[in-house]
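Notes to accompany the following structure.
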Amino acid sequence: MNRRSTHEGDNQPVNKDIVSIILDSMEKSGQTITPSDIRDIAFAGMIAGRDTTADALSWLMHELHHHPRVLENLRQELTTKLPKFGDSESYVPSLDEVQDLPYLEATIREVLRLVPPVPTIPYHCYRDTVFPDGTFIPADSAVLLSTYSTARLGSVWGPDASSFVPERFLDANSGELLKMSTTEFVAFSAGSRVCVGRNLAMLELKLVVSCLVSYFRLEEVSGQDVTYGSGVTIRMKNPLMMKVEKVSSSGC
């Protein structure tokens, strides 16, 4: 806040971090900003963005180990579209480069569908509401949306709803991503309460997964009891142990 006050009105450029951008938006809407607001925004960004992304990476590595076909398709896309992975051991794709990887995004979407970062989303019903199927929700009711359960509804996702199939997010003819609204893919919630960090989370996952898959072969250590742990997020009960082997420049 001191920095913002110091530079206010002097037309000097100020570095824009995520907290500053949010504070700018609050100021423009006439909201009062306190030191506790800044603390809460920074804390929420660190905590909400850390565990959820880390959990998603763990579950994705687990799924890729048990679905070698998906892993091979993913490696093929990365090799074809980002050949620099084979020319350098320190190459990291740019933000723009990872946006044109439909199979990678479909793979990430699929693990977020099956293992959503937050398995239940709480709502409060302020007025009597009738759902399209006739279900009546009286005013002042607490409602929990189970994104974990809805991801396994055959009526929504088809008979293979419980299976790990990234292709469900791709056009069968073009191979491009299917356009979906946030109400169709609810891993990040939807509406006015949609996760503000969803684009950042997807970007982080794309960058990390593309590098891990391109530079390393990861094999899950056998004999592990990979199961869910209790908490706000769907984390693994125990750390996922992997054998890591470096991939040579020839891809072997």
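Hey, any hits in the stretch 134-143 for a residue that's within 30 Å of Gln224 (Cα to Cα) and polar (S, T, N, Q)? Let's see the steps before the verdict.
Looking only at the stretch 134-143, we keep the residues that are within 30 Å of Gln224 (Cα to Cα), and these are none.
There is no residue in the stretch 134-143 that is within 30 Å of Gln224 (Cα to Cα) and polar (S, T, N, Q).
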* Asked: Out of all the residues in the stretch 88-97, is one or more touching a residue at least 24 places away in the same chain (Cβ under 8 Å) and part of a helix (DSSP H, G or I)?
  -> no
* Asked: Does Leu60 qualify as being aliphatic (A, V, I, L, M) and either in contact with a Pro (Cβ under 7 Å, 6 or more places away or on another chain) or over 15 Å from Glu204 (Cα atoms) (or both)?
  -> no
* Structure fact -> Residues of the stretch 22-47 being part of a helix (DSSP H, G or I) and touching a residue at least 12 places away in the same chain (Cβ under 8 Å), in sequence order, are Ile22, Leu23, Pro35, Asp37, Ile38, Ile41, Ala42, Gly45
* Asked: Conditions: (1) touching a strand residue (DSSP E or B) at 6+ places or on another chain (Cβ under 8 Å); (2) within 26 Å of Arg69 (Cβ to Cβ); (3) free of Cβ contacts under 8 Å to residues at least 60 places away in the same chain. Ala139 meets all but one. Number of the miss?
  -> (2)
* To do: Return the total of residues in the stretch 81-102 being hydroxyl-bearing (Ser, Thr, Tyr) and either within 19 Å of the chain's Cα centre (by Cα) or modelled with pLDDT of 95 or more (or both).
  => 1
* loosely packed, with under 12 Cβ neighbours inside 10 Å and modelled with pLDDT of 70 or more, is that true of Thr53? -> no
* Asked: From the residues in the stretch 156-167 that are surrounded by fewer than 17 Cβ atoms within 10 Å (Cβ to Cβ) and free of Cβ contacts under 8 Å to residues at least 60 places away in the same chain, which one is nearest to Glu77 (Cα to Cα)?
  -> Ser163
* To do: Can you confirm whether the stretch 140-148 contains a residue that is exposed (fewer than 12 other Cβ atoms within 10 Å of the Cβ), in a loop (DSSP other than H, G, I, E, B) and either modelled with pLDDT under 90 or touching a Pro at 6+ places or on another chain (Cβ under 8 Å) (or both)?
  => no
* Asked: For the subset of the stretch 65-83 comprising residues that are of a type in the set (Lys, Arg) and closer than 12 Å to Thr107 by Cα, which member is surrounded by the most Cβ atoms within 10 Å (Cβ to Cβ)?
  -> Arg75
* Is one or more of the residues making up the stretch 211-223 surrounded by 15 or more Cβ atoms within 10 Å (Cβ to Cβ), part of a loop (DSSP other than H, G, I, E, B) and in contact (Cβ under 8 Å) with a residue 12 or more places away in the chain? -> no
* To do: Among the numbered conditions (1) more than 15 Å from the chain's Cα centre (by Cα); (2) within 18 Å of Leu207 (Cα to Cα); (3) free of Cβ contacts under 8 Å to residues at least 24 places away in the same chain, tell me where Arg50 comes up short.
  => (1)
* To do: Give the number of residues within the stretch 177-210 that are surrounded by 12 or more Cβ atoms within 10 Å (Cβ to Cβ) and farther than 20 Å from Ser146 by Cβ.
  => 15
* Asked: Would you pick out the residues in the stretch 169-190 that are within 17 Å of the chain's Cα centre (by Cα) and not aliphatic (A, V, I, L, M)?
  -> Phe169, Lys179, Ser181, Thr182, Thr183, Glu184, Phe185, Phe188, Ser189
* Asked: Condition test on Glu105, is it in a helix (DSSP H, G or I), modelled with pLDDT of 95 or more and surrounded by fewer than 21 Cβ atoms within 10 Å (Cβ to Cβ)?
  -> yes
* Asked: Only one of (1) within 18 Å of Thr183 (Cβ to Cβ); (2) touching a Leu at 6+ places or on another chain (Cβ under 6 Å) fails for Val118. Which number is that?
  -> (2)
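The values are calculated or read from the model by the stated rules, or taken from the named source; none is laboratory data. Keep in mind that what you see is a predicted model, and the values were worked out from it rather than measured. Here the Cβ is made from the backbone with ideal geometry for all residues, glycine too, and neighbour counts use every protein chain on show.
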